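K.L.:
Please see the structure below; I have some questions.
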């Protein structure tokens, strides 16, 4: 099953991402499990973690050319939250 594209992503406290999908659903994704993999070690640095951005077209989020997460991963493994539960400014697709 496919996942909707991503509209925006916002880094939250404690290595979580708030992801807003084009269908209006918001999910919080816990990035702690990623820290077990060598390729995601830079996420331990707060400034790097906060530099997350939506990939062109909304097909994922990334921190650099080698570190990314697909919309499928974020959709299926994120926890849905109420749109009003988290008030924040998000980075949107240009």
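The values are calculated or read from the model by the stated rules, or taken from the named source; none is laboratory data. Computed from a predicted model, the values in this text were never measured in an experiment. When we count neighbours, we look across all protein chains shown, and the Cβ atoms used for this are built from the backbone with ideal geometry, even at glycine.
K.L.:
Filter segment 21-41 down to the residues that are over 14 Å from residue 77 (Cβ atoms), surrounded by fewer than 15 Cβ atoms within 10 Å (Cβ to Cβ) and in contact with a strand residue (DSSP E or B) (Cβ under 8 Å, 6 or more places away or on another chain) and list them by number.
P.N.:
Just the residues of segment 21-41 that are over 14 Å from residue 77 (Cβ atoms), to begin with: 22-24, 26, 35-41.
From what is left, the residues that are surrounded by fewer than 15 Cβ atoms within 10 Å (Cβ to Cβ) are 22-24, 35-39, 41.
Matches in segment 21-41: 22, 39.
K.L.:
Within segment 51-94, which strands (runs of 3 or more DSSP E) (wholly inside it) include 3 or more residues that are modelled with pLDDT under 65 and in contact with a helix residue (DSSP H, G or I) (Cβ under 7 Å, 6 or more places away or on another chain)? Don't jump to the end; show me each part of the working.
P.N.:
Numbers: elements: 60-64, 67-70, 79-81.
Output list is empty.
K.L.:
Restricting to segment 1-43, give me the number of residues that are under 17 Å from residue 60 (Cβ atoms) and part of a loop (DSSP other than H, G, I, E, B).
P.N.:
Count: 10.
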